[in-house]
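J.: Right, I'll just put the structure down here and ask away after.
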Amino acid sequence: MPDVSWCKKGGLRGYVTTRVVAWSLMWKGSPYILTIPVGREFESSVPRSLQWLWSPDDPYYLKAALIHDVLLESGSRWIEADSQWFAAALSERAPRIKTALAWTGMILRRLIQWLITQ
């Protein structure tokens, strides 16, 4: 089970960081470090229809949700944020097949939204 002592339930969005979280963007050991401060609120959202399979409170995906939120809210493109979500989930030893299915669903949803708006 991953260590989630870096966050707690609460805040307006569902979770709050309790200590600084650092994430190497692109690859482990990368010089590009995303540093997330204490007190950063984030959410772990899962469509209601899929919550029987993925809990928004699943500790394997909390760091991924934090990184994903921070990247999207700072102007990163969705493909970048989604790929970092995938990498962060795997770094927490989330189940590979479940993670791949969730990531594929994220990508497909965004592609469908993009096609509709074109």
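Values quoted throughout were computed directly from the atomic coordinates according to the rules given, and no laboratory measurement underlies them. On a predicted model such as this, the values are computed, not experimentally measured, just so you know.
J.: Among all the aspartates and glutamates, which ones have a C-alpha under 15 Å from LYS9's C-alpha, if same-chain residues fewer than 8 places away are not counted?
T.: Cross-link targets: GLU41, GLU43, ASP57, ASP58.
J.: Once a ≥ b ≥ c are taken as the square roots of the eigenvalues of the Cα gyration tensor of the stretch 20-67, is the result rounded (a/c under 1.5), prolate (a/b larger than b/c) or oblate (a/b not larger than b/c)?
T.: Numbers: a/c = 3.44, a/b = 1.95, b/c = 1.76.
It comes out prolate by the Cα gyration axes.
J.: Excluding residues fewer than 8 places away in the same chain, name every one of the lysines whose C-alpha is closer than 23 Å to that of LYS8.
T.: Leaving aside lysines fewer than 8 places away in the same chain, those within reach of LYS8 are LYS63.
J.: Given H placed on each backbone N at 1.01 Å, which residues far from THR18 in sequence or on other chains put an amide H within less than 5 Å of it?
T.: So THR18 has HN proximity to CYS7, LYS8, GLY39.
J.: State the label only: which of [x] 9.8; [y] 8.9; [z] 7.9 corresponds to mean projected area of the Cα convex hull in nm² computed from the shown model?
T.: Recomputing mean projected area of the Cα convex hull in nm² here picks out [z].
J.: Based on DSSP H runs of at least 4 residues, each adding -39500 (n - 2.57), what is the mean residue ellipticity at 222 nm of the chain after dividing by all its residues, to the nearest 500 deg cm²/dmol? List each step's numbers first, then the result.
T.: Numbers: 3 runs with 51 residues, N = 118.
Calculated at 222 nm, the ellipticity per residue is -14500 deg cm²/dmol.
J.: How many angstrom separate the Cα center of the stretch 1-63 from the Cα center of the stretch 91-118?
T.: Value for the Cα centre distance between the two parts: 17 Å.
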